[in-house]
Amino acid sequence: GAGVSQTPSNKVTEKGKYVELRCDPISGHTALYWYRQSLGQGPEFLIYFQGTGAADDSGLPNDRFFAVRPEGSVSTLKIQRTERGDSAVYLCASSASGGVMNTEAFFGQGTRLTVV
Amino acid sequence: AQKITQTQPGMFVQEKEAVTLDCTYDTSDQSYGLFWYKQPSSGEMIFLIYQGSYDEQNATEGRYSLNFQKARKSANLVISASQLGDSAMYFCAITGRGSNTGKLIFGQGTTLQVKP
């Protein structure tokens, strides 16, 4: 498709389990971002990739969260030992260039993660 | 650190009338960019408009315009001729240079309801 694709759209997991969330950006977009959005709040920055490398991971809340983008395209956000507080919508976005301020970021539909 | 403040949790507007959504920001960057995004109940984030800090004119995109007052650090969104489909959550966001490159910092959002 032409847009940012995130899978799964919904994920329910038990506390303590490991989850992986996938993001397929727009083809050719070098910059990829992960955000977390809690109910009624604005998206919160987690991590930003420029190509294969994490240019800024300052938003990752703790070492249970990790993200990769091995070939500079698809990215996976990995959460270990999930906690109920991790429940949120995880949004992925991509842009043609991360270093240019006026470049629009295109968002996916998000993955709704529920930890029970 | 950069910060966005949206003080209106909810707004109502009559169809076909104009509405202003408030946004104030804080940043230490000399060069920065301001975005507005719309998030309907379906969840996707839709880019509306961008304003660069050095842009001399207020940005406009169709029915959307940005009332940029740099000295007051405000970047209000004006929607003219409101339509029922404008009912959604609206987020103001900022990006910048250096450590702020690439990432968007969002406000809490404003829920807009358009009445027929």
Residue B:44: of a type in the set (Asp, Glu), assigned to a loop (DSSP other than H, G, I, E, B) and within 11 Å of chain A (Cβ to nearest Cβ), yes or no? yes
Looking at residue A:73, is it of a type in the set (Gly, Ala, Ser), assigned to a strand (DSSP E or B) and touching a residue at least 12 places away in the same chain (Cβ under 8 Å)? no
Going through region A:48-70 one residue at a time, which ones are among the charged types (D, E, K, R) and either part of a strand (DSSP E or B) or under 12 Å from the mean Cα position of the chain (by Cα) (or both)? A:56, A:57, A:69
Considering only strands (runs of 3 or more DSSP E) wholly within region B:72-116, the ones with at least 3 residues that are modelled with pLDDT of 95 or more, surrounded by 23 or more Cβ atoms within 10 Å (Cβ to Cβ) and out of contact with any helix residue (DSSP H, G or I) (no Cβ under 8 Å at 6 or more places or on another chain) are B:88-95
Members of region A:68-99 found to be within 14 Å of residue A:6 (Cβ to Cβ) and among the β-branched types (Val, Ile, Thr), listed by number: A:74, A:76, A:89
Among (1) assigned to a strand (DSSP E or B); (2) more than 25 Å from residue A:38 (Cβ to Cβ), the one test that residue B:58 misses: (1)
Under the condition of being assigned to a loop (DSSP other than H, G, I, E, B) and surrounded by fewer than 19 Cβ atoms within 10 Å (Cβ to Cβ), which residue from region A:24-47 is nearest to the other protein chains (Cβ to nearest Cβ)? A:41
Scan region A:76-98 residue by residue and report those that are in a loop (DSSP other than H, G, I, E, B), touching a residue at least 60 places away in the same chain (Cβ under 8 Å) and closer than 25 Å to residue B:39 by Cα. A:96, A:97, A:98
Residue satisfying condition, being surrounded by fewer than 19 Cβ atoms within 10 Å (Cβ to Cβ) and at positive phi, within set A:85, A:59, A:51: A:51
Just one of the numbered conditions (1) within 15 Å of residue A:42 (Cβ to Cβ); (2) at pLDDT 95 or above is not true of residue B:45; which one? (2)
Which one is nearest to residue B:77 (Cα to Cα) among residues in region B:26-38 that are more than 9 Å from chain A (Cβ to nearest Cβ) and part of a strand (DSSP E or B)? B:36
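The values are calculated or read from the model by the stated rules, or taken from the named source; none is laboratory data. Owing to the predicted nature of the structure, the values given are computational and were not obtained by experimental measurement. Don't worry about glycine lacking a Cβ; one is built from the backbone with ideal geometry, like all the others, and counts go over all protein chains shown.
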